[in-house]
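Undergrad: Have a look at this one.
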There are 2 protein chains.
Amino acid sequence: MNLTLEAVRARDAADPLRAYRDRFVLPDGVIYLDGNSLGALPKATIASQADVVARQWGQSLIRSWNDHRWIEAPQRVGAKIADLIGARPDEVIVADSVSVNLFKLMLAAASLAPERGQLLSEAGNFHTDLHIASGAAEFARLRLDVVERGRIEAGLGAETNLLLLTHVHYKTGERFDMARITALASEAGARTIWDLSHSVGAVPLDLGRDGAELAVGCGYKYLNGGPGAPAFLYVASSLQERLVSPLRGWMGHAAPFAFTDDYVPAPGIARFLAGTPPMLAMTALESGVDLFAEVDMAALWTKSVALFDLFAELAMQACPELACVSPREPERRGSHISFRHPNAYELCQALIAQGVIGDFRAPDVIRFGLTPLYLGYEDIARAVEIMRGILDTGGWRDPRFAVRAKVT
Amino acid sequence: MNLTLEAVRARDAADPLRAYRDRFVLPDGVIYLDGNSLGALPKATIASQADVVARQWGQSLIRSWNDHRWIEAPQRVGAKIADLIGARPDEVIVADSVSVNLFKLMLAAASLAPERGQLLSEAGNFHTDLHIASGAAEFARLRLDVVERGRIEAGLGAETNLLLLTHVHYKTGERFDMARITALASEAGARTIWDLSHSVGAVPLDLGRDGAELAVGCGYKYLNGGPGAPAFLYVASSLQERLVSPLRGWMGHAAPFAFTDDYVPAPGIARFLAGTPPMLAMTALESGVDLFAEVDMAALWTKSVALFDLFAELAMQACPELACVSPREPERRGSHISFRHPNAYELCQALIAQGVIGDFRAPDVIRFGLTPLYLGYEDIARAVEIMRGILDTGGWRDPRFAVRAKVT
């Protein structure tokens with residue numbers, strides 16, 4: 001493969017999603033391949049945040065809970081996300097963080113099968129999922145079994161209460177077959193909780209079709225909701241009335257403004273709210289999600305696949321010392337591409353110094369997020385060219401690239 | 001008491017905190033007496049939010065976690081709040097909501113005395129505290145006993161594990177003697193968790209002096225941190241290393257970016273973080289808290305007392321049909337004044353229609369927040385005059401004021 005600049009530009013010109021690129025702030029001199037860690041800023045968010053701050057908060061003050069429909073935002077934004085993941089509008093709500101939502105779902109769901117004592121998850125799953133699981137297991141009196149990816153199916157059994165999996169692996173990009181695994185777990189009598197953080201907004205999802213009952217997901221990656229945006233959770237309608245959140249906050253009460261001492265869970269998905277939602281963060285998330293309203297999710301995935309294939313092929317030719325750890329088959333992976341290199345950290349820093357922003361993931365992986373809404377084929381070709389330059393010259397050996405920052 | 005307009009204006013002119021009023025957005029035609037529900041917008045927040053969105057997120061993207069010190073924000077803002085409440089800088093951290101933080105502290109602290117089976121709280125405490133307590137009690141295997149205010153001290157005994165109290169009551173404004181109650185509980189072998197939501201930023205607090213070990217508080221009331229701003233929690237240094245949060249998220253891990261499967265709590269207060277903090281909301285809170293940096297907290301309270309006394313005296317004269325339910329002695333109350341009236345809801349709506357924004361609290365209380373940073377004596381005099389007018393004319397009987405909004 002020996003692509004000319006004209007050829008990649010022609011592909012960008014023919015890209016049916018190309019117009020979306022102009023809806024984002026993309027700094028000069030930067031090729032942003034970390035939108036799966038923090039999505040880029042939608043231009044519309046600048047105006048919507050200014051409005052929420054200066055007009056809604058500043059002028060309407062407390063009245064905005066009614067007048068600007070703040071009070072409905074968790075449900076309203078949840079319904080918009082539901083539309084992207086094959087859920088019903090009343091099956092998704094925005095609340096808290098992925099970590100807190102995982103805790104809610106694990107404790108609520110575990111109580112449905114008190115005789116089953118195992119919480120099963122994957123070794124090397126995103127660590128906050130495992131940490132939260134360790135706390136949830138303690139309070140639900142479950143045994144947390146963390147097994148290698150290849151042993152998960154064999155690990156399902158008569159004792160399994162919950163299976164906690166991340167749909168797309170944060171490091172390798174490997175993707176589970178949601179329908180198949182959910183069905184296998186279900187046959188064993190277990191419920192599966194899916195973490196969609198590295199899927200939603202990029203990878204095809206159809207939770208209803210795939211029989212998913214419980215899920216959480218992140219607002220600040222492909223949904224472009226802003227740093228630390230609120231997360232969402234999904235509970236299939238059939239299960240909602242049987243679950244009670246361990247975090248029984250007033251926003252999940254059937255009558256939050258009756259101020260009664262006794263807790264009565266709200267009907268439906270609202271019972272999974274806890275405290276007052278952070279409206280500045282919530283409205284920024286809504287602006288990010290609104291960008292997807294007219295996006296053809298199939299076209300989004302088609303472009304992700306094309307970006308991945310281009311990256312993989314160019315890197316294979318130009319940077320043979322990098323070992324791709326992401327599966328090549330589209331149905332087996334997410335929307336990022338990762339490589340192993342003994343000096344992945346330094347290489348990542350050297351790339352950032354030249355404006356190519358990817359991510360290091362310990363101990364030896366460099367990861368590039370492929371966000372089809374705002375990346376183009378030329379970005380990919382240029383990123384690989386810059387990487388080849390750094391490898392050719394040994395530029396990553398500069399001692400300043402070995403200094404570890406707080407967040408890496 | 002028959003104050004002329006000149007007299008109240010003279011008091012405003014002599015107010016040593018008067019200059020702070022200009023640091024807030026206060027809409028024309030509004031007397032805002034609900035800053036204890038949602039604090040007013042600091043003008044500085046408009047610029048700081050725009051900067052966080054457009055420059056930090058938009059231009060620096062993921063690099064802002066280091067370059068703009070986002071990663072340190074929970075501790076940094078926590079230390080600023082610590083300064084307002086008589087805590088050490090490393091005893092306070094900003095995280096999640098009041099509800100979620102209460103859950104963390106209850107479950108973490110309860111495990112220190114597993115032989116003690118009672119969680120004690122006050123009937124009519126802010127309901128989210130009681131709801132969260134009911135969930136925490138279930139998972140900590142405690143019995144939740146909710147007793148009338150006057151029976152709390154008698155309720156402390158050999159079985160009491162935790163005492164959960166709100167320092168200033170959200171409805172009546174009654175204030176507990178923190179030092180005395182904490183000591184009484186401690187003598188009984190119990191730990192007290194204080195909810196400071198209606199105290200912080202208005203009422204004198206000295207947690208260290210008063211022997212408080214555990215507390216939570218709200219960012220969006222007197223701290224003016226924005227709608228649904230993140231909350232904070234306080235754990236006395238002596239206790240921090242003995243507590244492990246039930247919500248073991250990656251931000252509370254000793255090495256969040258080592259991506260290890262096993263959970264190792266961070267040293268100190270950071271272990272109470274869970275997921276990624278919402279940075280747009282966090283930085284707005286910081287702007288609100290920064291306004292207090294040079295405020296003399298004693299002067300703040302002196303003014304709150306004076307605003308309260310003026311309101312109480314004028315209302316007693318002008319509106320004898322209102323029964324004040326807030327204690328008159330300053331040391332027994334917070335920074336709001338509440339009245340009972342059989343038609344409190346309609347009266348509150350009629351006041352709002354004339355620009356006087358207070359709060360209704362079920363079933364029959366109307367509540368006015370007295371925020372010394374941006375309210376003046378003329379505001380109080382005019383609010384009472386408008387209220388007298390509504391009562392004189394029976395203006396609250398207008399049928400449109402009986403329609404209940406979603407949030408009241």
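Please treat every number below as a calculation from the coordinates, not as lab data. Note that this is a predicted model, so its numbers are computed, not measured. Neighbour counts run over all protein chains shown; Cβ positions are idealised from the backbone, glycine included.
Undergrad: Taking a point 7 angstrom from the Cα of B:Gln317 along the C-beta vector, which residues in segment B:362-377 have backbone N less than 20 Å away?
TA: Flagged as within label range: B:376-377.
Undergrad: Report the calculated FRET efficiency for B:Arg242 and B:Leu184 (r = Cβ-Cβ distance, R0 = 25 Å), to the nearest 0.05. Kindly include the intermediate steps, with their values, before the conclusion.
TA: Numbers: r = 22 Å, r/R0 = 0.88.
So, using R0 = 25 Å, E works out to roughly 0.70.
Undergrad: Sticking with this one: Counting other beta carbons within 10 Å of each residue's own, what order do A:Ile152, B:Ile81 fall into, fewest first?
TA: A:Ile152, B:Ile81
Undergrad: What percentages, rounded to whole numbers, describe P(r) for segment A:47-290 computed over all alpha carbon pairs with 5 Å bin width beginning at zero?
TA: For segment A:47-290, the binned pair fractions read 1, 7, 14, 18, 19, 16, 11, 7, 4, 2, 1, 0 percent.
Undergrad: I need to check one value: relative contact order of segment B:260-408, counting alpha carbon pairs closer than 8 Å and at least 6 residues apart, in percent.
TA: Details: 142 pairs, mean separation 33.4, N = 149.
Computed value for segment B:260-408: 22 percent relative contact order.
Undergrad: Here's another thing I want to ask about it. Could you please report the charge total around A:Glu6, scoring K, R as +1 and D, E as -1 over all other residues with beta-carbon less than 12 angstrom from its beta-carbon?
TA: Result for the local shell: 0.
Undergrad: Listed here are the pairs B:Lys80/B:Lys171; A:Lys43/A:Lys221; A:Lys80/B:Lys104; A:Lys80/B:Lys221; A:Lys104/B:Lys104; which of them are more than 19 Å apart at the Cα?
TA: Violating the 19 Å limit, Cα to Cα: B:Lys80/B:Lys171; A:Lys80/B:Lys104; A:Lys80/B:Lys221.
Undergrad: Once the Cα atoms of helix A:279-290 and of chain A are each reduced to a long axis, what angle between those two axes, in degrees from 0 to 90 to the nearest 10, is obtained?
TA: 60 degrees
Undergrad: Tell me, what is the Rg over Rh of segment B:9-78, with Rh the Kirkwood radius over Cα pairs?
TA: My calculation puts Rg/Rh at 1.14.
Undergrad: Arrange the following residues from fewest to most other Cβ atoms within 10 Å of their Cβ: A:Met251, B:Met316, B:Met297, A:Met387.
TA: With the fewest neighbours first, A:Met251, B:Met316, B:Met297, A:Met387 line up as B:Met316, B:Met297, A:Met251, A:Met387.
Undergrad: Further, regarding this structure: Mind jotting down the distance between the C-alpha centroids of segment B:4-64 and segment A:363-397, whole Å?
TA: 45 Å
Undergrad: How long is chain A along each principal axis, judged by its Cα atoms, biggest number first, in Å?
TA: Extents along the principal axes: 68, 57, 40 Å.
Undergrad: Can I ask one more? Starting from the Cα of B:Asp206, step 7 Å along the direction of its Cβ; do the same at B:Arg340; then give the gap between the two resulting points in nm.
TA: Computed distance between label sites B:Asp206 and B:Arg340 equals 3.5 nm.
Undergrad: Right, next: Explain nothing, just the number: dipole magnitude of the protein assembly as shown about its Cα centre with +1 on each Lys and Arg Cβ and -1 on each Asp and Glu Cβ, in debye rounded to the nearest 20.
TA: Computed about the Cα centre, the dipole is about 100 debye.
Undergrad: What does the charge add up to near A:Gly189, with Lys and Arg as +1, Asp and Glu as -1, over the other residues with Cβ less than 15 Å from its Cβ?
TA: Counting the neighbours of A:Gly189, the net charge comes to -3.
Undergrad: Looking at the square roots a ≥ b ≥ c of the eigenvalues of the Cα gyration tensor of segment B:87-214, which shape do they give, rounded for a/c under 1.5, prolate if a/b is larger than b/c, or oblate?
TA: Rounded, because the longest to shortest axis ratio a/c is under 1.5.
Undergrad: Would you order B:Ile337, B:Ile181 from fewest to most other beta-carbon atoms within 10 Å of each residue's own beta-carbon?
TA: Least to most surrounded, the residues fall as B:Ile181, B:Ile337.
Undergrad: What number in nm² do you get for segment A:229-362 if you take the convex hull of its Cα atoms and divide its surface by four?
TA: Working: hull surface 51.2 nm².
Computing the convex hull of the Cα atoms and averaging its projections yields 12.8 nm².
Undergrad: Same structure, new question: Using a 7 Å offset from the Cα along the Cα-to-Cβ direction at both B:Glu385 and B:Ala44, what is the distance between the two label points in nm, to one decimal?
TA: So the two model labels end up 3.3 nm from each other.
Undergrad: Lys/Arg Cβ at +1, Asp/Glu Cβ at -1, dipole of the protein assembly as shown taken about the Cα centre: which of A:Pro74, A:Ala19, A:Ala95 is farthest positive-ward?
TA: Comparing the listed Cα positions along the dipole, A:Ala19 ranks first.
Undergrad: How long is the gain from A:Arg143 to A:Thr302 if the chain were fully straight, where each residue apart is worth 0.36 nm and the alpha carbon distance is subtracted?
TA: Additional length available on full extension: 53.2 nm.
Undergrad: Follow-up question, since we're still on this one. Quick one: Karplus J couplings for segment B:254-261, per residue in order, coefficients 6.51, -1.76, 1.60, θ = phi - 60°, nearest Hz, x for Gly and Pro?
TA: Each residue of segment B:254-261 in turn: 4, 9, x, 9, 8, 6, 8, 5 Hz.
Undergrad: A further question on this structure: With a 10 Å cut-off between alpha carbons and a GNM built on chain B, which of B:Gly395, B:Gly225, B:Gly334 moves the most?
TA: B:Gly395
Undergrad: Using the Cα centre as the reference, give the magnitude of the dipole from point charges on the C-beta atoms of chain B (Lys, Arg: +1; Asp, Glu: -1; all else neutral), rounded to the nearest 20 debye.
TA: 500 debye
Undergrad: Taking springs between alpha-carbon atoms closer than 10 angstrom, which of B:Asp262, B:Asp67, B:Asp290 fluctuates most in the Gaussian network model of chain B?
TA: Answer for the Gaussian network model of chain B: B:Asp262.
Undergrad: Could you state the orientation-averaged shadow area of the convex hull built on the Cα atoms of segment A:109-148, in nm² to one decimal?
TA: Orientation-averaged projected area of the Cα hull: 2.6 nm².
Undergrad: Need the full-extension length gain, B:Asp12 to B:Gln59, defined as separation in residues times 0.36 nm minus the C-alpha distance. One decimal, nm. Can you show the working numbers first?
TA: Values: separation 47, 0.36 × 47 = 16.92 nm, distance 4.39 nm.
Here the segment from B:Asp12 to B:Gln59 would lengthen by 12.5 nm.
Undergrad: If you don't mind, another one. Given 37 °C and 0.692 mPa s, compute D for segment B:81-141 with the Stokes-Einstein relation, Rh being the Kirkwood radius over Cα pairs; round to the nearest whole µm²/s. Intermediate values should be presented prior to the final figure.
TA: Working: Rh = 13.0 Å.
For these conditions, the coefficient is 252 µm²/s.
Undergrad: Ok, one more. Mind checking the dipole of segment A:47-290: about its Cα centre, +1 per Lys or Arg Cβ, -1 per Asp or Glu Cβ, Debye to the nearest 20? Walk me through the intermediate numbers first.
TA: Working: 21 positive and 27 negative charges, 50 e Å.
It comes to approximately 240 debye.
Undergrad: With unit charges on the beta carbon (Lys/Arg positive, Asp/Glu negative), name the residue among A:Ala258, A:Leu144, A:Ile193 whose Cα is farthest towards the positive pole of the charge dipole of segment A:122-272.
TA: Of the options given, the answer is A:Ala258.
Undergrad: Turning to a different aspect of this structure: Restricting to Cα pairs below 8 Å that are 6+ residues apart, what does the relative contact order work out to for chain A? Please round to a whole percent.
TA: It rounds to 21 percent for chain A.
Undergrad: Same structure, new question: Quick one: which residues, 5 or more positions from B:Val325 or on another chain, have an amide H under 5 Å from its amide H? H modelled 1.01 Å from N in the peptide plane, none for Pro or chain starts.
TA: Here B:Ser338, B:Phe339, B:Arg340 satisfy the definition.
Undergrad: Counting only helical runs of four or more DSSP H residues, what would the 222 nm mean residue ellipticity of chain B come to if each run contributes -39,500 (n - 2.57) and the total is spread over all its residues? Write out the running numbers ahead of the final one.
TA: Details: 13 runs with 141 residues, N = 408.
Helix-only estimate at 222 nm: -10500 deg cm²/dmol.
Undergrad: Can you list the residues, at least 5 places off or on another chain, whose amide H is less than 5 Å from the amide H of B:Ala254, using H built in the peptide plane?
TA: Counting only residues 5 or more places away or on other chains, the set is B:Val264, B:Ala266.
Undergrad: Charges on Cβ only, +1 for Lys and Arg, -1 for Asp and Glu, centred on the Cα centroid of segment B:47-290; of B:Leu162, B:Ala284, B:Ala50, which one is farthest towards the dipole's positive end?
TA: B:Ala50
Undergrad: From zero up to wherever the largest Cα-Cα distance of the protein assembly as shown sits, split into 10 Å bins and tell me the percent of pairs in each.
TA: Pair shares across the bins are 3, 14, 23, 25, 18, 11, 5, 2, 0, 0.
Undergrad: Stretched out fully, how many nm does the piece from B:Gln354 to B:Leu112 gain, at 0.36 nm a residue minus the Cα gap?
TA: My answer for the length gained is 81.8 nm.
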